[in-house]
Every structure is written in C-alpha cells, then in structure tokens.
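The next block holds one structure in the form of structure tokens; read it before the comments.
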Amino acid sequence: AAGSDAMGGAIGRRGESAPDRMRTYVLVNSIEEVLPRVADLGGRVSAERTEVPGQGWFAVLEDSEGNEIAIWESANRG
C-alpha cells in the first residue's frame, strides 16, 4: 500500500523530550544483523536495540566522526 514504508517522527524540546542532536533514522530489516558490524566500520553503538511498543525497535550509532544516526526496525514489515 502506498505510504506503508513511511516513517514518522516527533518534535520536542532538545535535551528534554528530544535528543540533544538531530537524529536521522534509517530503516533496516534487522537491527541484530547491523549492530555487530558497527565497530568494524569505525563507529560505536551509543544505544542498544530499544523497543517502541507496538511500532518497532531502534538503536543509536555514532560514525567515526561522531555524527549520530539511528536505525529502525519496523514491527509491521508485512
């Protein structure tokens, strides 16, 4: 269905109800397959796989330059 692969987001006050930095999310099939590769590619995992009940899971990474990125695994992949 059109739009079924779309992701949402939220707006909040930085450092209170939102992270201190802008965070871009990338959709992945399996967070568990991605996390073991992060350190080998020069990054680090700053937040392990975390559930968003009824929606999916996310993990937060930093690249070799300290930029933050998050990966998202949807609970509704069908």
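The values are calculated or read from the model by the stated rules, or taken from the named source; none is laboratory data. Please read all numbers here as calculations on a predicted model, not as lab measurements. Cβ sites come from the backbone with ideal geometry, for glycine too, and all protein chains shown count toward neighbours. The accessibility values were calculated without ligands, DNA or RNA, using every heavy atom of the protein model including side chains. Shrake-Rupley method; radii C 1.70, N 1.55, O 1.52, S 1.80 Å.
Things worth noting here:
- The residues neighbouring residue 61, those whose beta-carbon lies less than 9 Å from its own, together hold a net charge of -2 under the Lys/Arg +1, Asp/Glu -1 convention.
- Annotation: amide H of residue 61 within the under-5 Å range of 46, 69, 70, 71, sequence separation 5 or more or interchain, hydrogens built in the peptide plane.
- Figure note: 23, 44 ranked by solvent-accessible area, largest first, 1.4 Å probe, ligands and nucleic acids not counted: 44, 23.
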